[in-house]
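Here's the structure, in structure tokens; my notes come after.
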Amino acid sequence: MTKAPIRLLIAASGTGGHLFPAIATAEALKDYQIEWLGVPNRMETQLVRGKYPLHTIAVEGFQQRLGLGTLRILSRLAGSIFQVRKLLRSKGFHGVFTTGGYIAAPAIIAARSLGLPAILHESNALPGKVTRLIGPLCSAIAIGFEKAGEYLPQNKTIYVGTPVRPEFLTKTPLDLPIPEAAPLIVVAGGSQGAVAINKLVRQSAKAWLDAGAWIFHQTGANDPDADSFQHPHYISMPFYDNMAGLLQRASLAISRAGAGTLTELATTQTPSILIPYPYAAEDHQSYNAAGFVEAGAAIVYGQSQLTSEILEAKVLELLESDSMLLEMAGNAGALAVPDSSDRLAQLVRSRV
């Protein structure tokens, strides 16, 4: 008699930082019957639909100050908990896995209220408010940075790293006309781009190009000056799908410090200059960047203190020192956990 598959509800929504680790984990659980919980009009409607049955709930994050908006959010939270409970019971799910964010709260509360296991993965060095608040209810908390364990229940916390998309784990060809011997600077401000970084880079780019480097600049879709700089060795695009191939080829990256981005930089052993997003919740990107700086894998600058002159000079200094870039690359690689998705999948199997 064939054993029925284990039914798992994955709650992951919003940004690539939440979705890509969840998708990588789902792909490592091929024998599980997986369905997805998300929010309408977010990235999961494109990334997940067609791969897994997608259910959506209306839930949002808490505001900084109490007010009428808070009452509306609490009301939606209560309603979403009821919806998730109903879904879990009606479809006979055996447990919940979530990668944090505000969708984690109704998923975890609903699962635990029904006596079902709930596993949460926190990718940031400073766990988010939801993780810190709801974490004690979880069956287990997987963390991407060992530092995160200082803020969470020690008896439930397990270091597994953060899963990365499969293409980052194998050699990925780069379909761009960049000479093999040329230094390549990759600039990426995260999934939404970063106008402030874009401006600094364009002001500095001529000196880097004059030094013989090529530049690939992912600007995001919201930069009104995206086409203002032109050069034969400067490639600018709003988005680029093959970030794995690009980072594997890069001599140096200039980027934000989201947990997903840092995981990719570690996996591809890419030296980096990190400029944490200054408006990230509780400045958590600075905490992420600090771990890479301590390991000697990156250099970090606060956005408010960084000028084009400082950035221009530091990049030129790094490009002129192969030994420094090589050391940073090795230190980045030492932070990678290539089997993170397998570790996380094994944790899910041990609980669900």
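Side notes on the structure shown:
- Highest to lowest packing among 291-304, 88-101, scored as the average C-beta count within 10 Å: 88-101, 291-304
- The chain, relative contact order [Cα under 8 Å, separation at least 6], %: 16 percent
- Degrees separating the helix 308-319 axis from the principal Cα axis of the chain, which is the longest one: 80 degrees
- Between Arg49 and Glu294, the modelled labels are 4.2 nm apart [label points 7 Å from Cα along Cα→Cβ].
- The GluC sites (Glu not before Pro) of the stretch 304-352 meeting both criteria, a DSSP state outside H, G, I, E and B (loop) and at most 13 other C-beta atoms within 10 angstrom of the site's C-beta, are Glu320.
- Using alpha-carbon coordinates, inclination of helix 104-113 to the longest axis of the chain, degrees: 20 degrees
- Nearest-ten-degree value, helix 284-294 long axis tilted from longest Cα axis of the chain: 60 degrees
- Rounded FRET efficiency, nearest 0.05, which uses the C-beta distance separating Ala78 from Asp227 and R0 of 45 Å: 0.40
- Placing a pseudo-label 7 Å from each Cα along the Cα-to-Cβ vector at Thr307 and Ile6 gives an inter-label distance of 5.7 nm.
- Shape call, the stretch 168-334: gyration tensor on alpha carbons, a/c limit 1.5: rounded
- DSSP finds beta bridges in the stretch 168-334, and of those with both partners inside it, around 0 percent are antiparallel.
- With distances taken between every two different alpha-carbon atoms, the stretch 182-226 has a Kirkwood hydrodynamic radius of 10.8 Å.
- Shape category assigned to the stretch 211-269 from the gyration tensor of Cα positions, a/c cut at 1.5: oblate
We did not get these values from a lab; they are worked out from the coordinates using the rules stated. Because the structure is predicted, anything quoted here is derived from the model rather than measured. Using ideal geometry, Cβ is built from the backbone for each residue, glycine included, and neighbour counts are taken over all protein chains shown.
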